[in-house]
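Visitor: Provided herewith is a single structure, encoded as structure tokens, for subsequent inquiry.
The values are calculated or read from the model by the stated rules, or taken from the named source; none is laboratory data. Keep in mind the model is a prediction, meaning the values are calculated, not measured. With ideal geometry, Cβ positions are generated from the backbone for all residues, glycine too; neighbour counts draw on all protein chains shown. Note: accessible area is taken over every heavy atom of the protein model, side chains too, but ligands, DNA and RNA are not part of it. Shrake-Rupley method; radii C 1.70, N 1.55, O 1.52, S 1.80 Å.
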Amino acid sequence: MSLFDKTADELQRLIKAGELSFADVTQEAFDRIRELDPEVAAFLQLNEEQATARAKELEQTPASERGPLFGMPIGVKDNIVTEGIETTASSRILEGFIPIYDATVVRKLKDAGMVITGKLNMDEFAMGSSNENSYYKKTKNPWNLQTVPGGSSGGSAAAVAAGEVPFALGSDTGGSIRQPAAFCGVVGMKPTYGRVSRFGLIAFASSLDQIGPVTRTVEDNAKLLQVISGHDDMDSTSADVPVPDFAAALTGDIKGLRIGVPKEYLGEGVSEGARQAVLDALRVLEEKGATWEEISMPHSKYALSTYYLLSSSEASSNLARFDGIRYGYRTNQAENLLDFYMNTRAEGFGDEVKRRIMLGTYALSSGYYDAYYKKAQKTRTLIKQDFDQAFEKFDVIIGPTTPTPSFNIGEKIDDPLTMYANDILTIPVNLAGIPAISVPCGFDNGLPLGLQIIGRPFDEETIYRTAHVFEQATDFHKQKPGLWEVAAK
């Protein structure tokens, strides 16, 4: 049995009783990483020396000054900057980049007494749905090492699913927290745009990116979002709104909750296993006092093309800064400055990143801006209006997180359009800027499935309450991949 079979609350009780120390909890993380990560390949960098020292220091803090996640180990996605720890966004072009400051969320983790164990693998610059676009390694799904963990936060979800760490941070631009959470059978929350500071997040698409928590349980997820939320003067898109007590919202009561189920989310392309798992979940929620009815989100069919036009346009602008001059990779094959720029970027970026830079540059170019970028922005407004109208009648919207469970490594890497379709159910949420969570809701051929619960802007409380009721009424969150127990022996 591993210490990470327990929730944060259970670990804190053992620590308070003197049966466990913060050093023990941190040591458990590194023991499991050493045992499992050669196969799972979730971590890019470890921070063991500093983390071990930090855990010992924390023992000196009086119990009265400790919060609910004090002393808990956490992994951080590699596109979130960490002072003194190499941060690459899994790209060759940032190889060797050591940040001189912490992202706001990392500072908040440290202020809360959490222990940074290391940096987690991802698709390069968060562009991908399988983790196969990392320059450094391919992370595996702990439930089946022949399959992908999802992306782009695949390292975050795989590390939590394998029990290497109980907490992780990811980022979600088009489903990059929720899709890997679904594939790996863990809980992943994409908060409302503006709920969490993006200062220190290496930008992919600035109007869509959002940092969020990945955990094994809904309660732990709510506590981690509590830690990282709040207005930040360093991020002009950070919302100056109150941060509620998310854990206090887990009342167990959803009587009268109104659920909308878009027929488009259960239609063409969605596997029978995923569709049935959602219908079964709705029956569970009905038994707890909720009601549901089918609705239509007519513009959701345009979400995929809208997303790839807008996100690629923003990426082409954001990634223009990586030129090899100030930091990161630089070519040694250049006879003049222009050669230097071109060869550095050609050698430093991977194929998927180049594909999106070219698409975005084309969409923003003279003569095509109105036809593509401007039209996509108008469509984005229509997609958001679908949600606005639905939330006039319903408290949450529910559907599958992904159309299918995980797929084999290499199966879709040469077919980008099929790969993009994996995000078809998560992308509308990012375009609308609203919050959504993925919680485990079943299995298909031994691989986890995710239930997506979508809420109104800044109403993560209702999402957490609904997710918690479902979680407590089922046992999907208690099931673990086979390698979890192997490492615990």
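Visitor: Take the residues in region 207-232 that are in a loop (DSSP other than H, G, I, E, B) and over 15 Å from residue 464 (Cβ atoms); name whichever of them is most open to solvent (accessible area, probe 1.4 Å).
Guide: 231
Visitor: Can you tell me which residue within region 284-302, out of those that are in a loop (DSSP other than H, G, I, E, B) and without any contact (Cβ under 8 Å) to a residue 40 or more places away in the chain, is least open to solvent (accessible area, probe 1.4 Å)?
Guide: 289
Visitor: Return yes when residue 235 is touching a Ser or Thr at 6+ places or on another chain (Cβ under 9 Å), open to solvent by less than 20 Å² (accessible area, probe 1.4 Å) and under 22 Å from residue 157 (Cα atoms) and no when it is not.
Guide: Criteria not met by residue 235.
Visitor: Report yes if residue 458 is of a type in the set (Phe, Trp, Tyr), closer than 21 Å to residue 251 by Cβ, assigned to a loop (DSSP other than H, G, I, E, B) and touching a residue at least 40 places away in the same chain (Cβ under 8 Å), otherwise no.
Guide: Answer is yes for this residue.
Visitor: Moving to a separate point now. Would region 64-85 turn up any residue that is over 25 Å from the mean Cα position of the chain (by Cα), within 25 Å of residue 187 (Cβ to Cβ) and not hydrophobic (A, V, I, L, M, F, W, C)?
Guide: Yes: one or more hits.
Visitor: Residue under question is residue 270, and the condition is that it be in a loop (DSSP other than H, G, I, E, B), aliphatic (A, V, I, L, M) and surrounded by fewer than 19 Cβ atoms within 10 Å (Cβ to Cβ); does it hold?
Guide: no
Visitor: Sticking with this structure for a sec: Is there any pair linking a residue in region 73-94 that is closer than 14 Å to residue 43 by Cα and in contact (Cβ under 8 Å) with a residue 12 or more places away in the chain to one that is part of a strand (DSSP E or B) and of a type in the set (Phe, Trp, Tyr), with Cβ under 9 Å and at least six apart or on different chains, and which?
Guide: 73/167; 74/167; 75/43; 75/167
Visitor: Kindly check whether there is at least one residue in region 123-142 that is in contact (Cβ under 8 Å) with a residue 40 or more places away in the chain, open to solvent by 50 Å² or more (accessible area, probe 1.4 Å) and of a type in the set (A, V, I, L, M).
Guide: no
Visitor: So, in region 43-83, how many residues would count as being outside any loop (DSSP other than H, G, I, E, B) and of a type outside the set (Asp, Glu)?
Guide: 21
Visitor: Could you grab me the full set of residues in region 343-387 that are without any contact (Cβ under 8 Å) to a residue 24 or more places away in the chain, assigned to a helix (DSSP H, G or I) and open to solvent by less than 70 Å² (accessible area, probe 1.4 Å)?
Guide: 343, 346, 354, 371
Visitor: Would you check which residues across region 160-201 are among the hydrophobic types (A, V, I, L, M, F, W, C) and open to solvent by 10 Å² or more (accessible area, probe 1.4 Å) and list them?
Guide: 199, 201
Visitor: Every residue in region 388-413 that is in a loop (DSSP other than H, G, I, E, B), touching a strand residue (DSSP E or B) at 6+ places or on another chain (Cβ under 9 Å) and farther than 15 Å from residue 427 by Cα, please.
Guide: Once the filter is applied, which keeps residues that are in a loop (DSSP other than H, G, I, E, B), touching a strand residue (DSSP E or B) at 6+ places or on another chain (Cβ under 9 Å) and farther than 15 Å from residue 427 by Cα, region 388-413 yields 391, 393, 394, 395, 404, 405, 406, 407, 409, 411.
Visitor: So, residue 371, is that one small (Gly, Ala, Ser), at pLDDT below 95, in contact with a Phe, Trp or Tyr (Cβ under 8 Å, 6 or more places away or on another chain) and more than 18 Å from residue 179 (Cβ to Cβ) or not?
Guide: no
Visitor: Do we find a residue being among the β-branched types (Val, Ile, Thr), within 28 Å of residue 232 (Cα to Cα), in a strand (DSSP E or B) and modelled with pLDDT of 95 or more anywhere in region 84-95?
Guide: Yes, because at least one residue in region 84-95 is among the β-branched types (Val, Ile, Thr), within 28 Å of residue 232 (Cα to Cα), in a strand (DSSP E or B) and modelled with pLDDT of 95 or more.
Visitor: Here's a follow-up. Taking residue 204, is it surrounded by fewer than 24 Cβ atoms within 10 Å (Cβ to Cβ), modelled with pLDDT of 95 or more and among the aromatic types (Phe, Trp, Tyr)?
Guide: Spelling it out, it is not the case that residue 204 is surrounded by fewer than 24 Cβ atoms within 10 Å (Cβ to Cβ), modelled with pLDDT of 95 or more and among the aromatic types (Phe, Trp, Tyr).
Visitor: Then there is this: Look at residue 259 and say whether it is open to solvent by less than 70 Å² (accessible area, probe 1.4 Å), modelled with pLDDT of 95 or more and touching a Pro at 6+ places or on another chain (Cβ under 8 Å).
Guide: no
Visitor: Within the set of pairs 6+ apart or on separate chains, which have a first residue in region 204-221 that is closer than 16 Å to residue 124 by Cα, a second that is part of a loop (DSSP other than H, G, I, E, B), and C-beta atoms under 6 Å apart?
Guide: 204/173; 205/173; 209/173; 209/198
Visitor: Now, a different point. Of the residues 320, 315, 277, 281, which single one is of a type in the set (A, V, I, L, M) and open to solvent by 40 Å² or more (accessible area, probe 1.4 Å)?
Guide: Within the list 320, 315, 277, 281, the selection yields 320.
Visitor: Taking interchain pairs and intrachain pairs at least six residues apart, which have beta carbon atoms under 6 angstrom, with the first residue in region 225-236 and in contact (Cβ under 8 Å) with a residue 60 or more places away in the chain and closer than 17 Å to residue 110 by Cα and the second surrounded by 17 or more Cβ atoms within 10 Å (Cβ to Cβ) and polar (S, T, N, Q)?
Guide: Note: pairs meeting the criteria are 232/104; 232/197; 232/238.
Visitor: (1) open to solvent by less than 10 Å² (accessible area, probe 1.4 Å); (2) assigned to a strand (DSSP E or B); (3) farther than 13 Å from residue 172 by Cβ: which one isn't true of residue 440, the others all being true?
Guide: Against the list (1) open to solvent by less than 10 Å² (accessible area, probe 1.4 Å); (2) assigned to a strand (DSSP E or B); (3) farther than 13 Å from residue 172 by Cβ, residue 440 comes up short only on (1).
Visitor: Quick one: which residue in 453, 434 is hydrophobic (A, V, I, L, M, F, W, C), in a loop (DSSP other than H, G, I, E, B) and crowded, with 23+ Cβ neighbours inside 10 Å?
Guide: Step by step, each of 453, 434 is checked, and only 434 is hydrophobic (A, V, I, L, M, F, W, C), in a loop (DSSP other than H, G, I, E, B) and crowded, with 23+ Cβ neighbours inside 10 Å.
Visitor: If you don't mind, another one. Specify the residue that is most open to solvent (accessible area, probe 1.4 Å); the eligible residues are those in region 461-489 that are in contact (Cβ under 8 Å) with a residue 60 or more places away in the chain and either among the charged types (D, E, K, R) or in a loop (DSSP other than H, G, I, E, B) (or both).
Guide: Once the filter is applied, the top-ranked residue is 479.
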